[in-house]
1. Could you tell me whether the stretch 60-160 comes out rounded, prolate or oblate from its Cα gyration tensor? Rule is a ≥ b ≥ c as square roots of the eigenvalues, rounded for a/c under 1.5, then prolate if a/b exceeds b/c, otherwise oblate.
2. Along the charge dipole of the stretch 28-83, Cβ charges K/R +1 and D/E -1, which of 49, 36, 82 sits furthest on the positive end?
3. What dipole magnitude, in Debye to the nearest 20, does the stretch 81-228 give about its Cα centre under +1 on Lys/Arg Cβ and -1 on Asp/Glu Cβ?
4. Can you sort 292, 84 by 1.4 Å-probe accessible area, starting with the largest?
5. Tell me, what is the per residue accessible area of the stretch 96-150 in Å², probe radius 1.4 Å?
6. Please report the carbon-and-sulfur percent of the accessible area for the stretch 44-112; probe 1.4 Å, protein heavy atoms only, DNA, RNA and ligands left out.
7. To the nearest 10 square angstrom, how much accessible area does residue 172 have with a 1.4 angstrom probe?
8. Ignoring any ligand, DNA or RNA, what whole percent of the accessible area of the stretch 133-222 comes from carbon and sulfur when the probe is 1.4 angstrom?
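The values are calculated or read from the model by the stated rules, or taken from the named source; none is laboratory data. Model, not experiment: these values are computed from the prediction. In this analysis, Cβ positions are derived from the backbone assuming ideal geometry, glycine residues included, and neighbour counts consider all displayed protein chains. Ligands, DNA and RNA are excluded from the accessible area calculation, which covers all protein heavy atoms including side chains. Shrake-Rupley method; radii C 1.70, N 1.55, O 1.52, S 1.80 Å.
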Amino acid sequence: MLFLLLPLLAVLLPGSHNEYGFEEPVSFHVTQISSFHNRSWTQTLLSGWLDEFHIHTWDSNSGTIIFLQPWSRGNFSNEEFMKIENFLHLYLVRFAQAFHDYIHRLRFEYPFEIQMTAGCELHPGGVSVDFLWTAYQGSDFLSFQNNSWLPSPKGGSSAQLVCKVLNQDKVYTEMVQTLLSDTCPRFILGILDSGKADLQRQVKPEAWLSSGPSPGPGRLLLVCHVSGFYPKPIWVMWMRNEQEQLDTRQGDVLPNADGTWYLQATLEVNTGEVADLTCRVKHSSLGGQDIILYWEHHSSMGLIFLAVILLLALLAGLAFWFWKCW
């Protein structure tokens, strides 16, 4: 009942193993969020993700899959995706109807929300780790492990009932195991091959320093900005000589309009303790040549810039005075 979405993966994730080199684990997962407002109103959001790439979503109004990347289709034909869309539409109707019919037996009350994540993580060398979790109202409800449905302690008797019913269906359970442990890794390899031009793209970051709002008397907030990098994983740290400053605070990695990323790292220090401070940036695009920015150089450049501004202002004033006198 809870996992009628999984047969979709058998259609959505066709393909065969092929050679593809990658150094870090790669995952694919399907997420579902279904909000049951009342018996006649249910909203469901579906999406497919390759790591942090949002590559598929579902348009509930038109009943179609939206491909968010040029390579999201892989090598699938239009006919294959039409079958997927027809199946998905039928699945969503049956999924909602099943919960409406079983709501009293499961002791659920409107409104409530069901979340599901199902997929796998493929490691270098071909080792795959599959996962499937379901939550009710944001709390763990049940999971799928080692060819069995397992209730979460937080799921109570409702989760135990659902797992008991699901474990009795051996054919369905074996199908789920095959989808997660075999079909999902093959799908990842196919997508990596189709999207390798984008997925292997390397863009070097640009970095600069600034001072933030003063945190208090005698204190400075040092800000290291890093922007324009791709892929997303990056390491940014304030250093004193070669010692990491563990008080460094990193903000969220935010997207730029061109698909690259932006991050800033801050450090709060006393005004007399800025000597020998640097910001170090490590990124895969740099080929091991870290970016190192020196705060003392930044301060010197700031003073030079201020001096130039004052000089220009003085010259402008003198020019205006001579013009008036002439």
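1. Numbers: a/c = 2.65, a/b = 1.30, b/c = 2.04.
Note, shape of the stretch 60-160 comes out oblate.
2. 36
3. Numbers: 12 positive and 13 negative charges, 39 e Å.
Dipole of the stretch 81-228, to the nearest 20 debye: 180 debye.
4. Details: 292 65, 84 5 Å².
Highest to lowest solvent-accessible surface, that is 292, 84.
5. Values: 2860 Å² over 55 residues.
Here the residues of the stretch 96-150 average 52 Å² of exposed surface.
6. On the way: 2150 of 4140 Å².
The nonpolar share, carbon plus sulfur, comes to 52 percent.
7. Here the residue's solvent-accessible area equals roughly 40 Å².
8. Working: 2500 of 4760 Å².
For the stretch 133-222, the apolar C and S fraction of the accessible surface comes to 53 percent.
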